[in-house]
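One structure below.
The values are calculated or read from the model by the stated rules, or taken from the named source; none is laboratory data. Please read these numbers as outputs of a predicted model, since none were measured by experiment. Counting neighbours? That spans all protein chains shown, and the Cβs are built from the backbone with ideal geometry, glycine included.
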């Protein structure tokens with residue numbers, strides 16, 4: 001699934017970029033983190049790793065001219081360039097220099113993402129950072145530091161979840177490079193990731209993690225479908241595969257939404273917290289069993305059925321899957337014009353304090369919206 005990414009742009013890029021804008025940005029970031037009890041060591045470590053990523057960038061066009069470059073890698077690098085051009089020209093994304101370079105590191109950094117939630121409430125624990133506001137996750141370049149944060153939160157009575165990130169965005173502050181591990185993905189997934197991350201550089205609402213990620217998820221999936229349909233045709237294998245992946249994502253979104261409703265009903269009941277904790281384990285087991293019976297394509301590329309479920313895990317899924325049906329219906333009502341759809345969604349999201357309320361004014365989607373979709377998937 002595409003829901004493994006993190007916003008990590010705490011960069012010490014003045015190491016190799018001396019502009020006043022960058023230095024001023026980092027100073028404000030560091031000051032803001034200090035005032036919000038964000039460890040300066042956290043900022044410095046993040047800055048160091050981000051600086052390494054930026055320092056080792058090489059233009060993809062330059063890499064493509066290497067005589068020893070294998071053909072499979074070359075094809076995917078050329079694909080990245082075409083995808084970013086499509087995002088800029090066809091979707092009107094703010095691309096600038098992002099994904100025009102490749103970072104080559106012997107040991108590229110791994111980002112470990114921590115999420116947390118109370119044990120009897122589906123409410124996310126949030127961290128505050130300058131520029132981006134409150135965020136429902138926190139990324140670390142060190143596994144032990146992520147585990148330490150999780151233990152700290154667990155001691156306070158929170159559920160926690162640690163995962164690794166596939167990609168992250170600097171939200172347009174810097175020209176994000178392609179990380180080499182992304183080249184291991186198939187072409188449809190790679191195109192999805194690139195469009196998803198470029199959307200973050202184009203649109204980002206401070207403090208609205210769920211909206212930002214769910215809408216980028218929609219943009220990535222629908223963008224990949226549109227890209228391959230334009231380049232290879234609607235009946236091409238790549239287009240059909242991208243469409244099947246999107247249908248699976250829609251089905252999982254529906255499944256998670258129903259699971260959240262059932263958990264909310266339990267947590268809002270008048271029984272004791274001890275009894276809620278006991279009953280939720282049975283509900284978690286039931287959800288995982290039901291997930292096993294979803295159509296095969298839906299279950300691919302997700303650890304939902306194997307991970308130890310808790311509220312933090314459920315919310316992590318919800319971050320990337322909320323109201324995908326609404327976005328899809330706006331797309332259908334916009335004549336399947338993705339550029340127009342995204343423009344309408346972004347404009348609607350900015351009108352209300354609750355961006356989902358603004359988007360829902362565009363269209364009302366009932367809880368049964370996915371029934372035909374699920375029926376068709378089960379018949380495949």
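Test each condition in (1) under 17 Å from the mean Cα position of the chain (by Cα); (2) buried (at least 17 other Cβ atoms within 10 Å of the Cβ) for residue 205 and report the one that comes out false.
Tallying (1) under 17 Å from the mean Cα position of the chain (by Cα); (2) buried (at least 17 other Cβ atoms within 10 Å of the Cβ), residue 205 fails exactly one: (2).
Does residue 258 fit the bill of being under 18 Å from residue 305 (Cβ atoms) and either outside the structural domain of residue 185 (by TED's automatic domain parsing) or in contact (Cβ under 8 Å) with a residue 12 or more places away in the chain (or both)?
Criteria met by residue 258.
With respect to residue 263, is the statement that it is at pLDDT below 95 and either outside the structural domain of residue 127 (by TED's automatic domain parsing) or assigned to a helix (DSSP H, G or I) (or both) true?
When the stated conditions are applied, residue 263 does not pass them.
Determine which single condition residue 251 fails, assuming it passes every other condition in (1) within 30 Å of residue 86 (Cβ to Cβ); (2) touching a residue at least 60 places away in the same chain (Cβ under 8 Å); (3) surrounded by fewer than 16 Cβ atoms within 10 Å (Cβ to Cβ).
Single failed check for residue 251: (3).
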